[in-house]
Structures are given as structure tokens and as C-alpha cells.
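Comments concern the structure below.
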Amino acid sequence: MLSPNSRTDQNPLTDPTDPTDPTDPTDSAGRPEASHPVAVICGLAGWLPPRVVTNEELSQRLDTTDAWIRTRTGIGRRHFVDPGQATSDLAVEAGRRALESAGLATVDAVIVATTTPDHSCPATAPVVAGRLGLTGAAAFDVSAVCTGFVYGLASAAGLIAAGVAGRVLLIGADTYSTIVDPDDRANAIIFGDGAGAVVLRAGRAGELGAVTHFDLGSDGAGEELIMVAAGGSRQRSAGGAVTRADQHFAMRGKEVYRHAVTRMAGSARAVLERADWKIEDFDHFVPHQANLRILHSVADELGLPGTACVTNIESVGNTGAASIPLALADAAARQTVQPGQRVLLTAFGGGLTWGSCVLRWPDLTASGTRGNRKTTEETAEMSTTYEQLVAIIAKLHDADPELVRPEASFAELDVDSLTMVEISMRLERDLGIEVADNELRGDLTLDETVRLIDDKLEAVGSSAGSASSTHRTKG
Ligand code: COA
């Protein structure tokens, strides 16, 4: 369905394989190249099941609206598998097209990143490999939820660096429609099904397509924020009844939102430092397509305009481990990325897990357009807590300035629940205070919020501050 140009077949271990400059022994940061082989992307494709589910269709079944879904998530439609279709069916389609894109008939290893394997045992990758005519290749699944594709890239890069494999097919594939409760309106609107795949070959760090640096991380303390409770050894060994809710995907949306923004921004910064790139050095930011507002918040944290983000979430929703390769395949098909451009991939998912990597875009498309870039400036120095609060609201929410008064409540200003999460994250970042989700309520006035903030500042004995107990409400 989404498939960039084809390439010719080459032996990655014996051919220099189209280097950018075969005499250049330095990597993209001008440092001496690694002595081991480096994974180079040489094929890319995506596949979406044909059935399209619009917001309108969901709103006929669920108590929701197109406007609610678009405002909260940026999603307009998504694709669902038909009854009887499984993750491997999508993975095979994407994998086949990626092999065609690379001009390759065989690989040494097949990795499938997924949260929705066909079965809990065996893994999905061997089945996919077999159906692609790759029986005999190493094949295994990577389970890192929505970070799975980046973890899969790191696994493929490791196999290549160690000389275990010369060519690897990596597929991110998920069918969240099979694990999300269709009656759960908070989750049913977000997720879609799909698969995206890349082929990696052994090459050198100076080549286009070389994936050169990674940052990976996890925090198991957040296990319960994104979970399917039943179906694993924990539930089975405990015995007892399994509820309908236990069998479905569950997510604590607001907490996930916070972690997603913080972890993705942190991981992106970490990998940029490792690669010795600055924010202004890269051309495209391709985040896991979790929720458009998360992506814009992360871009903002990094000092990028939202336009620097490659996104396709409007048309596919959150497709889990498939989301980054689907976004890449979409960008390649639209030629919005050019060979040689610097690309940053960042993901976040259940576990909790997160990860990032950087690469120079391979020669998979004929041409592209360079994205605009500018550095966003944080709010100027503020003299009062009220002014700081108003500046934060103005940055995050398009409220009528006439309505912004100390006695106005968040509800009157039409500040929605996710913007409240973002406001509390800003307060944490800018003022160093923690504001729980349940402390910022719709009926809270700005005046009351200022008192809440000042009380917290006093409690932490704030030296932080531009804000202090002398910062009281204006007017
Ligand atoms: N349509 C209309 N109203 C909805 C709704 C829907 N689809 N889903 C929830 N609501 C309502 C709730 O019932 C609640 O109403 P109430 O205040 O009258 O009780 C209100 O909206 C807020 O509900 P809540 O569940 O707190 O929603 P939210 O503001 O947290 O938004 C998400 C829900 C899922 C959109 C949001 O939490 C989110 O995007 N989180 C991040 C998810 C994500 O990206 N995960 C992937 C990470 S890999």
C-alpha cells in the first residue's frame, strides 16, 4: 500500500553498498567510524487493513463525537482488521513490500515488534518468516509495546554489529482493535491496526540510511499504567475468575500522557547528545504517533515547531509498534524526507518503555521538501504567579483574553482536561512544584489556582523562584 522505490539486490557483507562517500571514514558527526558493521536501512513499506473506521462511525456506537476525538487526539479515522484477520496477516503484507523496496529476496533474521501477537505462544515472527518464504532465518518477537519498533531497530543493529546477521527484516505490527474493549470510549477512539517494516543491511556509519545512535530506557514501576491484566502467568497462576475488563487493554490516560511527553523529550535529548547533534541539526522528528497533542508537546519541549513533526495520526490513529514505520513510509511516499536529511525517531510505550535513535535518511525516494524549523522561546520572565499562570494558559490554550480574569474558572475558559495536565506539567517544570491531576479541576478559578501554587511554593520553601509568597493575584 505504501511502498517507496525499489533497490537492487546486493550482498551487504561483501559489497560496499552504495556509500555516500566510499572514502569517508567518518560518521555523520565527523568522528571516526565504528569498526563494526552498522545497520543501514535499505527498504521500507507500510500496510493498512482496508477497513476504515471514521470518528463518525465510532460516534454512532459510543457516546462521543468527531469534535471530541479530534480535539483530544488529532485522530480522524483509523483502520481495523476484519474478523479472522490477525497481526501476522498485516506483518506479512508490510514485510513483503519492504523486501521488494530493498530489492531483496532473503534476509538472515526476521523481527516482529508487537503487543498483539497471533498467540501468546509461539512468537509471531517465525510464522511471518515462513509465509514470506524465509524459513530458516532467525525469527523472534520484540515486546516493548509502542516502543517496540525502536527496540527492534536496536536489536537488528545489534545482530548486524555482532556479525550474527547481514540483513534483517524488522516489522512493527499491531492489531489493537483485538484487545481494546469496543465499548471503552477513552481507548476505542485512539488505536488503529497496521504494520510497517524496514529492511536493514550491514554497512558503515557514514552511509545514508545508517542508524548510528540509540537511547533506550524503561521504568517497570509504571507497569499498571498500560496493561492487559489477563492472559499471562500472573493471572493464570492466581487462578480465579477473569473479568471482561481484565481481558482488555487498560490505560490510565492522563498519567500516560504526562510520562509520554516527559520520557519522549528526555530520550530525544539523550540520543541527540550521544550523536553529538543539536536540535537545529536535524530535519525531521518522527515520534511514535501516540496522540497529536502529545507530539506537539514533545516538539515544544524540544524547542521545535509542531510542523517539524512527521505525523500521519489523523488518518491511522495510534498503531502501536507500527506507528513509526508507517509514518516513515507515509513520509517517503509523499517525498517529505530527502536522502541525507537527519531524522530523529522517538517512541514511548507500556512497560514503561522509551527509546530514540538517529539516522541519515536513505535514498529511498527521489526528492523531498525540507521542513521549517525555528526555536520556540519559553515564556519571558514573569513577576507574579498569576502572570506566570496566565502565560502558561496562553501558550497552551487559545482563550479569549477578555475572559482571562482571576475569577474565571478553567471550565469558563474552556480549558479541557488534557490542557490541565499540560498546565500542571508546566508548573512542575517552570516552578518546580507538583500538582496532581485531581488538584486542577474545571471549577477552580485562576485566583484559587494561584493560591494553590503559592501554597505549594511555600511548602517546598521555594528558593525557585521567580515565584514566591510575595507573588499574589493581580487585580
Ligand atoms: N468522547 C467523549 N467524552 C469522553 C471520551 C470520548 N471518547 N472519553 C472520555 N470522555 C469523557 C470522560 O467520560 C470524562 O467525562 P467527565 O469529566 O464528565 O467524567 C472526560 O471526558 C475526561 O475523561 P478522561 O478519561 O479523564 O479523558 P482524558 O481527558 O484523560 O482523555 C485520552 C482521554 C485517552 C484522550 C487521554 O488521556 C490521552 O490521550 N492520554 C494519552 C494516551 C496515549 O497517547 N496513549 C498512548 C501512549 S503509547
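The values are calculated or read from the model by the stated rules, or taken from the named source; none is laboratory data. Because the structure is predicted, anything quoted here is derived from the model rather than measured. Please note: Cβ atoms are built from the backbone with ideal geometry, for glycine as well, and neighbour counts cover all protein chains shown.
For the reader, a short list of remarks on this structure follows.
- Segment 53-64, residues that are touching a residue at least 24 places away in the same chain (Cβ under 8 Å) and more than 17 Å from residue 289 (Cβ to Cβ): 58, 61, 62, 63, 64
- Residue 263 closer than 30 Å to residue 335 by Cα and either within 11 Å of the ligand (Cβ to nearest atom) or not in a helix (DSSP H, G or I) (or both): yes
- For beta carbons closer than 6 Å, sequence separation of 6+ or different chains, a first residue in segment 65-93 that is in the same structural domain as residue 288 (by TED's automatic domain parsing) and free of Cβ contacts under 8 Å to residues at least 40 places away in the same chain and a second that is within 16 Å of the ligand (Cβ to nearest atom) and in a helix (DSSP H, G or I), the qualifying pairs are 65/59; 66/55; 66/56.
- Residues in segment 195-212 include at least one that is polar (S, T, N, Q), touching a Ser or Thr at 6+ places or on another chain (Cβ under 8 Å), over 16 Å from residue 117 (Cβ atoms) and buried (at least 23 other Cβ atoms within 10 Å of the Cβ).
To keep it simple, each residue is scored yes or no on (1) closer than 24 Å to residue 323 by Cβ; (2) at pLDDT 75 or above.
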{"site": "4", "(1), (2)": "yes, no"}
{"site": "11", "(1), (2)": "no, no"}
{"site": "17", "(1), (2)": "no, no"}
{"site": "51", "(1), (2)": "yes, yes"}
{"site": "67", "(1), (2)": "yes, yes"}
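- Exactly one residue among 245, 250, 268 is crowded, with 18+ Cβ neighbours inside 10 Å, in the same structural domain as residue 324 (by TED's automatic domain parsing), assigned to a helix (DSSP H, G or I) and within 16 Å of the ligand (Cβ to nearest atom), and that residue is 268.
- The set of residues from segment 214-227 being within 14 Å of the ligand (Cβ to nearest atom) and either crowded, with 19+ Cβ neighbours inside 10 Å or without any contact (Cβ under 8 Å) to a residue 24 or more places away in the chain (or both) comprises 225, 226.
- Within segment 254-289, being more than 14 Å from residue 310 (Cβ to Cβ) and of a type in the set (S, T, N, Q) holds for 262, 267.
- So residue 262, is it among the hydroxyl-bearing types (Ser, Thr, Tyr), touching a residue at least 24 places away in the same chain (Cβ under 8 Å), surrounded by fewer than 24 Cβ atoms within 10 Å (Cβ to Cβ) and farther than 20 Å from residue 359 by Cα: yes
- Odd one out for residue 106 among (1) more than 30 Å from residue 60 (Cα to Cα); (2) surrounded by 20 or more Cβ atoms within 10 Å (Cβ to Cβ): (2)
- Restricting 103, 166, 133, 152 to residues that are modelled with pLDDT under 95 and farther than 27 Å from residue 52 by Cα narrows the list to 103.
- None of 319, 307 is among the hydroxyl-bearing types (Ser, Thr, Tyr), within 14 Å of the ligand (Cβ to nearest atom) and either farther than 15 Å from residue 260 by Cβ or modelled with pLDDT of 95 or more (or both) except 319.
- Residue ranges of helices (runs of 4 or more DSSP H) in segment 115-213 with at least 3 members closer than 30 Å to residue 246 by Cβ and more than 16 Å from the ligand (Cβ to nearest atom): 125-131
- Here 422, 412 are screened, and the one residue that is assigned to a helix (DSSP H, G or I), charged (D, E, K, R) and at pLDDT 85 or above is 422.
- Among residues of segment 367-409 being surrounded by 14 or more Cβ atoms within 10 Å (Cβ to Cβ), assigned to a loop (DSSP other than H, G, I, E, B) and of a type in the set (S, T, N, Q), the one that is modelled with the highest pLDDT is 384.
- Complete set of residues in segment 111-124 that are more than 22 Å from the chain's Cα centre (by Cα) and aliphatic (A, V, I, L, M): 123
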